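*Asks:* This structure is in structure tokens; I'll ask about it shortly.
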Amino acid sequence: MSELSQRKIGLALSGGGSRAIAFHLGCLRALNQLGLLQHVDVLSTVSGGSVIGACYLAHDGDFASFEAQILQLLASGLAKPMVKRLFSFLGLKIIAAVVTIGLVALGVFIFKLLVRAASLIVPSSISEKFERVEIRSPLYRFASRTHLLQATLDNLLFHGAALGTLPSKPHLIVNATELRTGSAFRFSALESGSWRWGKLHHNQVTVAHAVAASAAYPLFLPAFDETMVFEKGGELRSSRVLLTDGGIYDNLGLGCLWPDRSPDISLNVIPIDTIICCSAGYGLRQDPPSQFLFARMLSVFSTTFDRAQNAAIKRLHDIKQFGQIKDFIIPYLGQLDRQLPNPPADLVRREEAHAYPTNFNAMPAEWMERLILRGEQLTLCLAKAYLADLLPAVRAPALAGATP
């Protein structure tokens with residue numbers, strides 16, 4: 001039995017909008033060339049990585065046709081189709097939601113002010129009762145721009161497919177964040193939910209819904225506000241959840257691949273001994289001077305975000321050192337070029353590729369070429385250097401001269 005057939009490979013695709021989609025396409029292209037892609041057991045995705053990862057699983061065709069589909073998606077973007085969908089029934093529903101929820105929220109705010117004013121003039125025995133009353137808007141956000149993203153994804157890529165209809169290998173895990181508990185919320189065909197709430201009682205989730213939740217960057221897209229029925233400890237409970245971008249909790253998608261997870265607590269626990277983590281972020285960030293509150297807080301958020309990813313990468317090195325996994329590689333956009341083993345002569349330098357923003361707008365052809373090629377080059381170099389024992393023997397002669 002070959003070494004490759006005995007390994008359990010986990011592939012993580014990070015967040016990062018269209019930048020991540022392009023970079024990950026290059027990574028997937030390299031893994032396909034090396035004969036590793038079809039041996040991946042678990043595919044963990046976040047945000048932009050969820051778009052391309054779910055598309056790879058849902059695509060009915062060879063890799064070349066999948067790549068053509070992603071190139072078309074990058075060229076057209078998701079932003080413009082979303083704007084077009086505003087002029088539809090869903091667009092009217094979103095406007096109605098904004099107006100209704102806004103008016104109710106304003107009414108609740110005014111009522112709270114009146115209660116607060118009343119508590120200052122009534123006897124303390126009565127005002128204490130006011131303080132114990134929690135006043136909140138009773139309305140959910142029943143339609144939002146995130147629903148617009150979901151509809152666009154479904155129309156362009158997924159066509160109503162449910163998670164349960166996807167191929168079982170690799171096992172796809174789409175990562176989102178549940179804001180009420182500050183925990184990871186993971187969607188998969190096997191089970192969906194979080195360790196705090198439990199697993200969904202009826203796991204009938206569409207691919208578009210899971211991917212939209214994973215990609216709902218909170219500065220621009222509201223969280224999904226939903227009531228779900230969970231099963232935990234043998235009991236069923238209906239709970240309100242707020243689902244947003246998976247990158248808030250774990251932008252690398254490594255959380256469900258750690259070897260020390262327990263099925264008694266966590267969901268989607270599948271043993272992995274080899275990790276390929278493709279990261280389209282982190283590297284040369286240099287924000288402009290922050291003179292106003294919003295800009296300062298955005299820089300603070302980005303700094304915390306980067307440090308969390310650093311900690312996850314450090315953990316990868318630790319679990320390899322202590323023998324909890326056999327191997328790992330991290331092709332990441334901000335890779336130090338001088339540390340890359342056997343780089344090709346035409347290497348796309350990180351200074352040429354790091355600055356593309358993390359949005360879902362249409363991507364210019366020159367940026368597509370840079371990001372895709374860098375992802376491909378980094379993955380080829382690192383896999384040949386650190387996963388050489390996994391590369392199928394039939395590919396070895398062809399690979400020998402592929403990259404100097």
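The values are calculated or read from the model by the stated rules, or taken from the named source; none is laboratory data. What you are looking at is a predicted structure, and each value in this text was computed from that prediction instead of being measured. Neighbour counts are summed over all protein chains in view; Cβ atoms, including those assigned to glycine, are modelled from backbone coordinates with ideal geometry. These accessible areas exclude ligands, DNA and RNA; they are computed on the full protein's heavy atoms, side chains included. Shrake-Rupley method; radii C 1.70, N 1.55, O 1.52, S 1.80 Å.
*Asks:* Which ones in the stretch 27-55 are of a type outside the set (A, V, I, L, M) and buried (at least 24 other Cβ atoms within 10 Å of the Cβ)? Quick ask: steps written out before the conclusion?
*Replies:* The first filter runs over the stretch 27-55 and keeps only residues of a type outside the set (A, V, I, L, M), leaving 27, 29, 32-33, 35, 38-39, 41, 44-45, 47-50, 53, 55.
Residues satisfying the conditions are Cys27, Ser44, Thr45, Ser47, Gly48, Gly49, Ser50, Gly53.
*Asks:* Identify, please: which residue in the stretch 229-253 is in contact with a Lys or Arg (Cβ under 8 Å, 6 or more places away or on another chain) and either among the β-branched types (Val, Ile, Thr) or over 21 Å from Arg145 (Cβ atoms) (or both) and is, among those, surrounded by the fewest Cβ atoms within 10 Å (Cβ to Cβ)?
*Replies:* Checked the stretch 229-253; the qualifying residue surrounded by the fewest Cβ atoms within 10 Å (Cβ to Cβ) is Val229.
*Asks:* Identify, by number, the condition in (1) open to solvent by less than 50 Å² (accessible area, probe 1.4 Å); (2) within 23 Å of Ile9 (Cα to Cα); (3) at pLDDT below 90 that Ala295 doesn't meet.
*Replies:* Here Ala295 clears every test but (2).
*Asks:* Also, quick follow-up: Taking Phe224 and the conditions (1) open to solvent by 20 Å² or more (accessible area, probe 1.4 Å); (2) touching a residue at least 60 places away in the same chain (Cβ under 8 Å), which numbered condition does it fall short on, given that it satisfies the others?
*Replies:* Failing condition for Phe224: (1).
*Asks:* Which of the residues that make up the stretch 158-184 are of a type in the set (Ser, Thr, Tyr), open to solvent by 50 Å² or more (accessible area, probe 1.4 Å) and over 18 Å from Ala12 (Cα atoms)?
*Replies:* Passing the criteria: only Thr165.
*Asks:* Just checking, how many residues over the stretch 193-218 are touching a Phe, Trp or Tyr at 6+ places or on another chain (Cβ under 9 Å), assigned to a loop (DSSP other than H, G, I, E, B) and over 18 Å from Asp250 (Cβ atoms)?
*Replies:* Qualifying residue count, the stretch 193-218: 3.
*Asks:* Hey, another quick one. Tell me, please, whether a residue that is open to solvent by less than 40 Å² (accessible area, probe 1.4 Å) and modelled with pLDDT of 90 or more can be found in the stretch 116-123. Explain how you work it out, then say what you get.
*Replies:* First, pick out the residues of the stretch 116-123 that are open to solvent by less than 40 Å² (accessible area, probe 1.4 Å): 118-119.
From what is left, the residues that are modelled with pLDDT of 90 or more are none.
No, the stretch 116-123 contains no residue that is open to solvent by less than 40 Å² (accessible area, probe 1.4 Å) and modelled with pLDDT of 90 or more.
*Asks:* Just the residues that are hydroxyl-bearing (Ser, Thr, Tyr) and farther than 19 Å from His39 by Cα, please, taken from the stretch 253-282.
*Replies:* If the condition is that a residue be hydroxyl-bearing (Ser, Thr, Tyr) and farther than 19 Å from His39 by Cα, then Ser262, Ser266, Ser279, Tyr282 are the ones that fit.
*Asks:* Output the number of the condition that Gln324 fails; it satisfies all remaining conditions of (1) closer than 24 Å to Ile275 by Cα; (2) outside any helix (DSSP H, G or I); (3) open to solvent by less than 80 Å² (accessible area, probe 1.4 Å).
*Replies:* It is condition (3) that Gln324 fails.
*Asks:* Another question about this same structure. (1) at pLDDT 95 or above; (2) more than 16 Å from Gly253 (Cβ to Cβ); (3) open to solvent by 10 Å² or more (accessible area, probe 1.4 Å): which one isn't true of Leu74, the others all being true?
*Replies:* Here Leu74 clears every test but (3).
*Asks:* Right, another one. Here are some conditions: (1) open to solvent by less than 50 Å² (accessible area, probe 1.4 Å); (2) of a type in the set (A, V, I, L, M, F, W, C); (3) more than 19 Å from Leu13 (Cα to Cα). Leu190 meets all but one. Which one does it not meet?
*Replies:* (1)
Matching residues to (1) in contact (Cβ under 8 Å) with a residue 60 or more places away in the chain; (2) not in a loop (DSSP other than H, G, I, E, B):
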position	(1), (2)
Arg136	no, no
Arg141	yes, no
Asn155	yes, yes
Gly164	no, yes
Val174	yes, yes
Ala184	yes, yes
Glu191	yes, no
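*Asks:* Pick out, from the stretch 62-131, the helices (runs of 4 or more DSSP H) lying fully within it that include 3 or more residues that are under 26 Å from the mean Cα position of the chain (by Cα) and of a type in the set (S, T, N, Q).
*Replies:* 63-76
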